[in-house]
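Undergrad: Mind looking over this structure? Questions follow.
The values are calculated or read from the model by the stated rules, or taken from the named source; none is laboratory data. If you're wondering where the values come from, they're calculated on a predicted model, not measured in any experiment. All Cβ positions, even for glycine, are placed from backbone atoms using ideal geometry, and neighbour counts span all protein chains on display. Calculation scope for accessible area: heavy atoms of the full protein, side chains included, ligands and nucleic acids excluded. Shrake-Rupley method; radii C 1.70, N 1.55, O 1.52, S 1.80 Å.
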Amino acid sequence: MSGIVDVVVVGGGPAGVAAAVELRRLGIGRVVLLEREASLGGATRHCGHSPFGMREFGRVYVGAAYGQRLDAEARRAGVDVRTGCSVVTFDAACRLTVTTPTGVETLAARRLLLATGAREMPRSARLLPGDRPVGVVTTGTLQAGLAFHRLMPFRRPVVVGSELVSQSAVLTCLTHGARPVAMLETERHALAPAPFRWFPALAGVPFHAGVDLLDLRGAGRVEAVTFRRADGAIETLDCDGVLLTGRFVPEASLARQSGVALDAGSEGPAIDQHGRTRNPRVFAGGNVLRAIETGGWAFREGRAVGRAVAADLARVVESGAPRAVTCEPPIKLVVPGLLTPGSDEPPAFRHFQLRFARRARGWLSLEIDGREVWAAERSWLPERRVLVPIPPAAANAATVHFRFREHP
Ligand SMILES: Cc1cc2nc3c(=O)[nH]c(=O)nc-3n(C[C@H](O)[C@H](O)[C@H](O)COP(=O)(O)OP(=O)(O)OC[C@H]3O[C@@H](n4cnc5c(N)ncnc54)[C@H](O)[C@@H]3O)c2cc1C
């Protein structure tokens with residue numbers, strides 16, 4: 001790898017591919033897409049289910065076929081696709097260190113776009129008590145094992161979590177010869193929206209919300225899970241595996257170790273309305289910004305940030321320093337969390353994306369320079385996307401703040 005390329009995109013999932021294709025479509029000469037896996041598609045590659053691709057390609061694909069379509073689109077657009085290449089670190093001037101199938105190489109770029117996705121929280125980060133037996137996996141690991149190696153690690157797992165991906169995990173079990181013995185949620189209610197949250201009950205899988213996981217037992221492999229139910233009763237379930245679902249976190253290790261400022265709420269790179277991080281040469285898009293959205297959402301977001309990078313390469317006027325958007329609990333995150341003043345480029349993000357840390361009922365309002373410009377009252381649920389239009393005046397305001405007044 002030699003010379004300075006125009007843009008390096010890190011991550012060949014929907015966001016990274018859409019960004020790279022858009023950059024080429026807008027006439028950017030040398031666009032390199034680096035992906036550590038052997039093929040493009042990101043997290044969609046191991047999803048043995050549909051629907052993917054409806055809005056971006058006008059037809060429905062299962063995950064693996066969607067990845068192949070992304071690959072074909074990237075190559076047709078003239079993107080320099082390099083798989084098996086893992087970016088280890090980069091510096092403030094966008095000089096990257098990359099491990100490749102032939103050794104460690106360096107690469108320099110005028111701009112860098114991070115599209116490294118998100119991952120489910122593993123057992124260690126969830127602080128689950130008990131033994132350390134074999135048979136505790138995340139949905140991603142389960143689906144990858146099935147897709148690439150036809151491996152089903154258990155027959156009677158306990159499913160932990162109740163997000164949309166958790167329902168998908170139950171479906172994966174049922175269609176591959178496993179029958180979950182129960183679905184457990186530590187929150188006081190199911191996190192998937194209706195009607196998906198009714199799926200386990202319809203499939204005959206008992207659901208318990210508001211539980212505390214007390215013990216995970218097994219000599220060698222998982223044998224039982226003990227939990228405290230919402231009514232205080234202690235229950236032990238015999239099982240041969242634990243499927244940890246959801247609780248996604250941005251895959252931001254590369255950004256963190258390369259000195260990119262992260263947002264405390266989202267845990268992904270802090271970005272402005274153009275997808276630009278605090279380093280003006282480095283951009284980010286897709287699920288690395290916040291966990292998580294659908295494949296189609298990541299694709300559209302990647303494409304919009306790709307457009308912003310192309311505009312940035314042509315930019316002659318420097319814009320001002322970004323200012324932070326502030327919010328108060330129980331609002332968990334706001335993306336974009338920065339706003340850059342003095343820029344006349346069309347923004348990649350037309351809405352603030354918010355998430356709540358817990359269920360809360362009350363007034364959510366947006367204040368610009370102390371004046372309320374938007375407000376809504378309702379019951380706000382965790383892990384649900386809340387969209388608030390970004391008013392044009394926000395970019396040049398001194399303060400942009402999300403306030404929350406909770407009903408007693
Ligand atoms: C289990 C599961 C089930 C899902 N089911 C659905 C569904 O049914 N429908 C739907 O629409 N969405 C689904 N999703 C979500 C969907 O897969 C994601 O929204 C989408 O893939 C996100 O795209 P992305 O490009 O942001 O990130 P990803 O798809 O995660 O891609 C990120 C890529 O970056 C690469 N990468 C990371 N770090 C580096 C590095 N340092 N160097 C090089 N490459 C790197 C990774 O290998 C990966 O390929 C599911 C996700 C999961 C995990």
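Undergrad: Tell me the trypsin sites (Lys or Arg not before Pro) within region 17-84 that lie in a loop according to DSSP and have at most 13 other beta-carbon atoms within 10 Å. Present the calculation step by step, with values, prior to reporting the outcome.
TA: Working: sites: ARG24, ARG25, ARG30, ARG36, ARG45, ARG55, ARG59, ARG69, ARG75, ARG76, ARG82; in loops: ARG30, ARG36, ARG59.
In loop regions of region 17-84 (DSSP not H, G, I, E or B), the sparsely surrounded trypsin sites (Lys or Arg not before Pro) are ARG59.
Undergrad: Let me know the charge dipole size of region 62-124 about its Cα centre in debye, to the nearest 20, where only the beta-carbon of Lys, Arg (+1) and Asp, Glu (-1) is charged. Write out the running numbers ahead of the final one.
TA: On the way: 9 positive and 6 negative charges, 22 e Å.
Dipole about the Cα centre, nearest 20: 100 debye.
Undergrad: Give the residue from PHE402, ALA324, LEU339 lying farthest towards the positive end of the charge dipole for region 320-408; charges sit on Cβ (+1 for Lys and Arg, -1 for Asp and Glu) and the dipole is referred to the Cα centre.
TA: Among PHE402, ALA324, LEU339, the one farthest towards the positive end of the dipole of region 320-408 is PHE402.
Undergrad: Have a look at PRO329, PRO382, PRO157 and tell me which one the Gaussian network model of the chain (Cα, springs below 10 Å) gives the largest fluctuation.
TA: Checking each option, the largest mean-square fluctuation is seen for PRO329.
Undergrad: Which angle between 0 and 90 degrees, to the nearest 10, do you get for helix 295-314 versus the longest principal axis of the chain when only C-alpha atoms count?
TA: So the inclination is approximately 20 degrees.
Undergrad: Another question, then. I need to check one value: relative contact order of region 252-408, counting alpha carbon pairs closer than 8 Å and at least 6 residues apart, in percent. It would help to have the intermediate numbers written out before the result.
TA: Values: 306 pairs, mean separation 32.3, N = 157.
Relative CO of region 252-408 lands at 21 percent.
Undergrad: Which percent, to the nearest 5, of DSSP beta bridges fully inside region 122-245 are antiparallel? Show your work: numbers first, answer last.
TA: On the way: 10 of 24 bridges.
That works out to approximately 40 percent antiparallel.
Undergrad: What percent antiparallel are the DSSP beta bridges of the chain, to the nearest 5? Mind dumping the intermediate values first?
TA: On the way: 52 of 86 bridges.
Antiparallel: roughly 60 percent of the beta bridges in the chain.
Undergrad: If you place +1 on the Cβ of every Lys and Arg, -1 on the Cβ of every Asp and Glu, and leave all else neutral, what size is the dipole of region 1-160 about its Cα centre, to the nearest 20 Debye?
TA: 360
Undergrad: Give the separation of the Cα centroids, region 1-22 to region 322-374, in Å.
TA: Region 1-22 and region 322-374 have Cα centres spaced 28 Å from each other.
Undergrad: Given a cut-off of under 8 Å on Cα pairs at least six residues apart, what relative contact order in percent is computed for region 338-408? List each step's numbers first, then the result.
TA: On the way: 117 pairs, mean separation 29.8, N = 71.
Reported as a whole number, the value is 42 percent.
Undergrad: Can you give the charge dipole size of the chain about its Cα centre, rounded to the nearest 20 debye, using +1 on the beta carbon of Lys and Arg and -1 on the beta carbon of Asp and Glu? Intermediate values should be presented prior to the final figure.
TA: Numbers: 51 positive and 39 negative charges, 103 e Å.
For this selection, approximately 500 debye.
Undergrad: What ranking of MET183, MET54, MET152 comes out by heavy-atom accessible area, probe 1.4 Å, highest first? Could you put the intermediate results ahead of the total?
TA: Values: MET183 0, MET54 105, MET152 35 Å².
Result, largest first: MET54, MET152, MET183.
Undergrad: Roughly how tilted is helix 14-25, in degrees to the nearest 10 and between 0 and 90, from the longest Cα axis of the chain?
TA: Between helix and principal axis, roughly 20 degrees.
Undergrad: Say R0 is 45 Å: what FRET efficiency, to the nearest 0.05, do ALA201 and VAL316 get from their beta-carbon distance? Display every interim value, and only then the final one.
TA: Values: r = 60 Å, r/R0 = 1.32.
Using R0 = 45 Å, I get an efficiency of 0.15.
Undergrad: Among ALA397, ALA144, ALA284, determine the one that fluctuates most according to a GNM of the chain built with springs between C-alpha atoms less than 10 Å apart.
TA: Highest fluctuation of the listed residues: ALA397.
Undergrad: Going toward the positive end of the dipole of the chain, with +1 on Lys and Arg Cβ and -1 on Asp and Glu Cβ, which of ALA109, TRP363, GLY265 do you reach last?
TA: It is ALA109, whose Cα lies furthest towards the positive end.
Undergrad: Moving on to the next point. Run the helix sum for the chain: -39,500 (n - 2.57) per DSSP H stretch of 4+ residues, divided by residue count, reported at 222 nm to the nearest 500 deg cm²/dmol. Walk me through the intermediate numbers first.
TA: Working: 9 runs with 86 residues, N = 408.
When only DSSP H runs of four or more count, the value is -6000 deg cm²/dmol.
Undergrad: Compute the helix-to-body angle for 139-149: its Cα long axis versus the longest principal axis of the chain, expressed 0 to 90° and rounded to tens.
TA: For 139-149 against the chain, the angle is about 90 degrees.
Undergrad: Using Cα springs under 10 Å in a Gaussian network model of the chain, which residue among GLY103, GLY140, GLY241 shows the largest mean-square fluctuation?
TA: GLY103
Undergrad: With a 1.4 Å probe and all protein chains left in place, how much of the accessible area of region 57-196 comes from carbon and sulfur atoms, in whole percent? Before the final figure, lay out the partial values.
TA: On the way: 3590 of 6400 Å².
Roughly 56 percent, rounded to a whole number.
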